[in-house]
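The values are calculated or read from the model by the stated rules, or taken from the named source; none is laboratory data. This is a predicted model, so every value here is computed, not measured. These accessible areas exclude ligands, DNA and RNA; they are computed on the full protein's heavy atoms, side chains included. Shrake-Rupley method; radii C 1.70, N 1.55, O 1.52, S 1.80 Å.
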Amino acid sequence: MGEIVAAGCSSHAPQLSKKEIKYSSIYAEQVKRIHDALKKLWEKMSENDPDSLIIIYPDHIETFFLTNFPSINVIVDRETEAHIPGWGTTKFEINYELAKDILFGLVENGFDPSFSQRVAIPHAAYVPLMYMFRKNKVPIVPIHVNANVDPKIHPKRALELGRTIAKIIAKKRPSNEKIAIIGTGGLSHYPGTPYYGKIDVETDNKILSLLKEGKGEELTHFTPEELEETGNIELRTWIVTAGSVGNRPAELIERQITYHIDYAVVRFLL
């Protein structure tokens, strides 16, 4: 049986991909700290020698549009690419067999995912990878989980999705295979709304406390309405990750409360 040997969560705001931030030296330093934290996260995760990385992210109408916006989508292909403003195009190898097993395994377990081929990954996926994969890359499995377009996936369903992914890895994958997983998004922010710039520090503190205490599954106690009100709609991807590892404690590698978002990078202690 395969095994999840490393897990983490991180922010993915597109501002993190800028080559240079000139409008604020304070914000530039905050962004650098998150870059360094992502590098540290992958260094720590790499200590367990993962063969592949599953990345759980919410598309922002970059890969998909309203003509067909899936709740769950697995990219099942040999490779994908990212078109990064200011950086050009970067290619990423995909673990095709793992992606296929997850796709079919989800269907067998009562989920209704779609799949894609020959598509680029959006900023929600490539931003963390830009800094995590500076030294050593592994094949990835990109999985979109809808957290941005109504109807969004329910937090309890997100938890079950994570549990099911872990079950599939344990049941279908080779006994010596080691998998890492990361959920991207958050913490509180309100892009595209009149509340842009608001940060719900109190709720974010509660989220991080639950993770540190090894109570990640309790994140499902937040209702969809509460996630909306607190700017934490993308917490769903963190919940998927928490579901995949169970109630394991997490360490906070870095947190930066900025003018538009509460950045955070965490690692589960497996």
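Tally the DSSP beta bridges in the chain and give the antiparallel ones as a percent, rounded to 5.
Here the share of antiparallel DSSP bridges comes out near 45 percent.
Could you work out the equivalent-ellipsoid semi-axes for the chain, taking the square root of 5 times each eigenvalue of the Cα gyration tensor, largest first, in whole Å?
25, 21, 19
Given just the C-alpha atoms of the range 93-188, how large is their convex hull per residue in cubic angstrom?
Hull volume over Cα atoms, normalised by residue count, gives 124 Å³.
Averaged over every viewing direction, what's the projected area of the C-alpha convex hull for the range 167-270? Give it in nm², one decimal, please.
Computing the convex hull of the Cα atoms and averaging its projections yields 7.1 nm².
Expressed as a whole number of Å, what is the distance separating the alpha-carbon centroids of the range 159-199 and the range 14-40?
First find each Cα centre; the distance between them is then 23 Å.
Under 8 Å for C-alpha pairs, at least 6 residues apart: give me the relative contact order for the range 116-267, rounded to a whole percent.
31
Per 10 Å bin, what percent of the C-alpha pairs of the range 1-88 does each bin hold, from zero upward?
12, 33, 38, 16, 1, 0
Once you order the gyration tensor axes a ≥ b ≥ c over the Cα atoms, which shape class does the range 1-149 get: rounded for a/c under 1.5, otherwise prolate or oblate by comparing a/b with b/c?
oblate
Given a 1.4 Å probe, how much area per residue of the chain is accessible, in Å²?
43
Counting alpha carbon pairs within less than 8 Å and at least 6 residues apart, what relative contact order, in whole percent, applies to the range 10-152?
That works out to 39 percent.
Where the accessible area of the chain is counted over protein heavy atoms with a 1.4 Å probe, how much of it, in %, is carbon and sulfur?
49
Using helices alone, I'd like the mean residue ellipticity at 222 nm for the chain: each DSSP H run of four-plus residues gives -39500 (n - 2.57), total over residue count, nearest 500.
-11000 deg cm²/dmol
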